[in-house]
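Some notes on the structure that comes next.
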Amino acid sequence: MTSATDVLRRELGPLLPRLRRFARALTRHREDADDLVQLAVERALLRADQWQIGTRLDSWIFRIMQNAWIDEMRARSRYQQTFVDEALGEHVGVSTTEAHIDAIAVRKAVSKLGDEQRAAVALVLVEGLPYKEAAEVLGIPIGTLTSRLARARESLQATLSAASAPLEKRT
Amino acid sequence: MTIADDELMAYADGELDAQRRSEIELALRDDAHLAQRLRAHQAMRARVRAAFDDELTEPMAPGVLQALEARQHPEASNDPSWGWRRWGGIAASLAIGLLIGRTLPPPSGAPIDWQTNEVVAGGALERALSTQLASAATEITPLRVPISFVDRSGRYCRAFQADRQAGVACRSEDRWVVQALVVDTPASAASGALRQAGSALPSMLLDEIDARIVGVPLNSAQETSARESGWRR
């Protein structure tokens, strides 16, 4: 018998790298991101019957992750334990290609955005979700999403155009 | 025609309907400045996306893959990270300080041994962690070990509790490394809050366990076999 859980398990596998990418953008920390993905997978499998076939699975899991992360941040702030890791801006392995240097700069700029703007950027620009889906993941109106997105873009533009000057000289 | 930046952004994100899209495309033809603004949005979108792309090819963490493969036990119908609280009793709300890992100040002596990078349980605490079984607790001992569980990195961990402090320690090779310690502060000591709470663990510690536990706490058979194996997995 194929249960909803089995269907979900099969569909979830290929999504894992994207879930982790979103988790890293949210948490800015590799271990936290792995933990968050694991928690989201566990929760999703337990609630398999709540996922409506025909709706986007990625959005549904992103929402589980977003909510779990907000809970986690609340719990941590209760005892002033926040980890902000620079690891998001780093890269495993040394590479000096221009694309890599740019990727590092961009990830660093994204990691410096506030939590709300960062989540909007991760969902729309990185994951390519339509505004409507992204707004549902975050539980906000579309207008709020677009204004966060617009402010995030301005800030990225400012950070990256300031940062790219010395970078160009180096190459 | 004036086109707001928000709308240009929506155009770059593929969010506009066909009619508005063609209106904007018309305007773009003879407005070089507008075209430049659009290119900036498009370039930013592509650049951000590309920056995160290579993360997709890294191998997944083992814990994530295990979570995907794990069969749920029929009785584990609750959310796994919360279901275990049944064993922990009702959380007490206390004015306490939580000290985590290496942020602990050097203690004055046993039962905790301060080392360079970790806080290792010693003396009575070490003995209680290694020998006492949560499931077999029949009397009030000075040190109680009410919960044993497996954490996300696959180690055995145990919550411990004494009159004035409670914590979590995890087995790392041949020692118990204290991961979190809740200490009764003078404020809460005055009210006797931790004492009055009886066998309940402080809520901060329950949160700590929540953040670490995989599944539910060990049952008595699992705990016994864990002890027999020297708490190694």
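Some notes on this structure:
For every residue, the table says whether it meets (1) at pLDDT below 80; (2) open to solvent by 10 Å² or more (accessible area, probe 1.4 Å); (3) within 14 Å of the chain's Cα centre (by Cα); (4) over 19 Å from B:Glu118 (Cβ atoms).
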{"residue": "B:Gln165", "(1), (2), (3), (4)": "yes, yes, no, no"}
{"residue": "B:Asp174", "(1), (2), (3), (4)": "no, yes, no, no"}
{"residue": "B:Ala193", "(1), (2), (3), (4)": "yes, yes, no, yes"}
{"residue": "B:Ala197", "(1), (2), (3), (4)": "yes, yes, no, yes"}
{"residue": "B:Ala200", "(1), (2), (3), (4)": "yes, yes, no, yes"}
{"residue": "B:Ser220", "(1), (2), (3), (4)": "no, yes, no, yes"}
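- Residue in the stretch A:111-120 that is among the aliphatic types (A, V, I, L, M) and under 30 Å from A:Trp51 (Cα atoms) present: yes
- If you filter the stretch B:1-15 down to residues that are surrounded by fewer than 19 Cβ atoms within 10 Å (Cβ to Cβ) and of a type in the set (A, V, I, L, M), you find that the one that is nearest to the chain's Cα centre (by Cα) is B:Ala4.
- Options A:Arg47, A:Arg24; residue that is facing chain B (nearest Cβ under 9 Å) and either touching a Gly at 6+ places or on another chain (Cβ under 6 Å) or open to solvent by less than 30 Å² (accessible area, probe 1.4 Å) (or both): A:Arg24
- Meets criteria (more than 8 Å from chain A (Cβ to nearest Cβ), modelled with pLDDT of 90 or more, out of contact with any Cys (no Cβ under 9 Å at 6 or more places or on another chain) and under 22 Å from A:Ala25 (Cα atoms)) for B:Ala46: yes
- Residues that are free of Cβ contacts under 8 Å to residues at least 40 places away in the same chain and open to solvent by 30 Å² or more (accessible area, probe 1.4 Å), drawn from the stretch A:27-42: A:Glu31, A:Asp34, A:Asp35
- Leading residue by the ranking (farthest from A:His29 (Cα to Cα)) among those in the stretch A:108-151 that are surrounded by fewer than 22 Cβ atoms within 10 Å (Cβ to Cβ) and of a type in the set (Lys, Arg): A:Lys132
- In the stretch B:202-214, the residues that are closer than 13 Å to B:Arg158 by Cα reach residues that are part of a helix (DSSP H, G or I) and basic (Lys, Arg) with C-beta atoms within less than 7 angstrom, at least six apart or across chains, in these pairs: B:Leu206/B:Arg85.
Residues are listed down the side, and each one gets a yes or a no for (1) part of a loop (DSSP other than H, G, I, E, B); (2) at pLDDT below 60:
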| residue | (1), (2) |
| --- | --- |
| A:Arg76 | no, no |
| A:Thr82 | yes, yes |
| A:Ala87 | no, yes |
| A:Val92 | yes, yes |
| A:Ile101 | no, no |
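The values are calculated or read from the model by the stated rules, or taken from the named source; none is laboratory data. Here the structure is a predicted model, which means the values were calculated and not measured. Cβ sites come from the backbone with ideal geometry, for glycine too, and all protein chains shown count toward neighbours. Keep in mind that these areas ignore ligands, DNA and RNA; they rest on the heavy atoms of the full protein, side chains included. Shrake-Rupley method; radii C 1.70, N 1.55, O 1.52, S 1.80 Å.
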